[in-house]
1. Please report the carbon-and-sulfur percent of the accessible area for the stretch 8-226; probe 1.4 Å, protein heavy atoms only, DNA, RNA and ligands left out.
2. Of the candidates Gln264, Gln174, Gln34, which one comes out as most mobile in a Gaussian network treatment of the chain with C-alpha springs shorter than 10 Å?
3. Going by alpha carbons, how many degrees (0 to 90, nearest 10) lie between the helix axis of 306-320 and the longest principal axis of the chain?
4. Compute the long axis of helix 142-154 from its Cα atoms, compare it with the longest principal axis of the Cα atoms of the chain, and write down the angle in degrees, 0 to 90, nearest 10.
5. I want to verify a result. In a Gaussian network model of the chain, Cα cutoff 10 Å, which of these has the top mean-square fluctuation: Arg113, Arg226, Arg145?
6. Once you've got the GNM for the chain with C-alpha springs shorter than 10 Å, pick whichever of Gly55, Gly76, Gly33 has the biggest mean-square fluctuation.
7. Just to be sure I understand: of the beta bridges DSSP finds with both ends in the chain, what percent are antiparallel, rounded to 5?
8. Over the stretch 231-302, what percent of the accessible surface lies on carbon and sulfur atoms, probe 1.4 Å?
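The values are calculated or read from the model by the stated rules, or taken from the named source; none is laboratory data. Only a predicted model underlies this, so the values are computations on that prediction, with no experimental measurement involved. All Cβ positions, even for glycine, are placed from backbone atoms using ideal geometry, and neighbour counts span all protein chains on display. Accessible surface is based on the protein model in full, side chains and every heavy atom, while ligands, DNA and RNA are left aside. Shrake-Rupley method; radii C 1.70, N 1.55, O 1.52, S 1.80 Å.
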Amino acid sequence: MEPEQPAIEVLDLTKSYGPRKAIDRISFEVAPGQVVGFLGPNGAGKSTTMRILCGIMPATSGIVRVCGIPVASQSGEVKKHIGYMPESNPLPEDMRVIEYLRYRARLKEIPARRIRDRVEEAMEVCELHRKPRRRLIGTLSKGFRQRVGIADAILAEPEVIVMDEPTIGLDPHQILSIRNLIDSLRGRMTVIISSHILPEIELCCDRVIIINQGRVVANGTSQSLRERFLPMTRYRVRTTLRAEGMATLLPAVSPELALESSAQTEGMCEYLMEAPSHLDLTEAFIDALRARQARIHEVARLQPNLEDIFMSATKRSWDESLPEDKADDTRENETDKTPAQT
Ligand SMILES: Nc1ncnc2c1ncn2[C@@H]1O[C@H](COP(=O)(O)OP(=O)(O)OP(=O)(O)O)[C@@H](O)[C@H]1O
């Protein structure tokens with residue numbers, strides 16, 4: 001692969017199931033070594049896109065290349081460059097972890113002399129190399145089964161790993177350890193992960209792609225999406241300064257600041273404010289409050305998180321709406337919200 005070549009290229013990809021378009025002319029690229037979150041509400045088309053990427057399902061139209069190899073004409077070759085962890089990953093209950101991974105290594109045509117080392121390495125990365133190695137898969141917790149799925153995906157050292165909901169159904173400890181595992185792949189492999197657990201995606205992904213109703217509605221870093229979708233910054237200030245004093249202080253901090261709400265409790269006032277930019281006004285607040293000899297209990301800049309961005313990006317595409325034949329089942333209950341446009 002040439003250095004500048006994207007690890008994944010998707011151009012005008014469309015997939016129809018009968019008359020319904022599950023994905024509709026989506027395009028995006030992923031650079032080598034990036035960890036990208038692939039987000040969208042239920043039925044948005046994430047699994048469909050991932051299956052096409054991995055050569056498991058044909059597209060209706062459009063181009064997909066993995067490491068420069070066209071998936072449509074060379075799906076067998078693409079499978080050598082990609083490790084896929086499907087959303088529901090059926091594992092044989094009655095095989096031991098090590099047996100299963102060796103079996104998978106043979107299926108992946110890893111040369112016989114390398115199988116032992118590759119299985120050991122994959123188990124080590126996924127922390128299966130101690131006790132779990134000899135355990136029957138049927139006796140493992142869900143978190144460890146997910147690890148077996150990830151170990152399988154990285155076994156043949158593919159350039160690209162595709163994980164469909166790797167943390168679904170896991171408890172917070174298991175989620176953290178899967179996040180650390182994904183972190184350890186950064187830079188070594190290109191990783192694309194779909195998830196509904198947005199704080200996790202924000203913590204472990206370099207970039208996010210959000211799809212809704214089969215279309216890409218956002219693509220960028222959390223910061224760039226924040227600026228695009230939520231170009232406001234909110235502040236929470238807790239101080240002894242009363243409302244009248246705050247009304248005259250705000251224009252001094254920034255003429256664009258708007259007071260959203262205020263509450264008073266036992267000598268303490270709490271204010272929520274919004275400014276239409278990402279400028280950091282924290283210092284200006286502190287200076288202005290000090291100049292008025294007010295006691296400061298808190299000046300917090302409240303950055304929107306990925307969940308806020310997701311809600312805004314997917315709401316926007318609801319509002320823009322799609323022709324009725326592209327609407328998802330869930331739209332049927334939403335008809336009073338937005339009329340469909342053509
Ligand atoms: N085999 C299929 N036959 C018909 N329609 C399908 C098929 N697979 C998926 N769909 C439909 O395509 C759309 C996209 O489904 P897909 O599973 O790709 O979404 P998703 O974003 O992965 O959803 P989830 O988060 O719920 O897993 C949905 O409307 C779904 O009902």
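1. Values: 4780 of 9480 Å².
Solvent-exposed carbon and sulfur of the stretch 8-226 make up 50 percent of the total.
2. Result: Gln264 has the largest fluctuation of those listed.
3. So the inclination is approximately 90 degrees.
4. Roughly 60 degrees, rounded to the nearest 10.
5. Most flexible of the set in this elastic network: Arg113.
6. Result for the chain, Cα springs under 10 Å: Gly76 fluctuates most.
7. Numbers: 40 of 58 bridges.
So the antiparallel bridges amount to about 70 percent of the total.
8. Values: 2060 of 4130 Å².
Of all accessible area on the stretch 231-302, carbon and sulfur atoms account for 50 percent.
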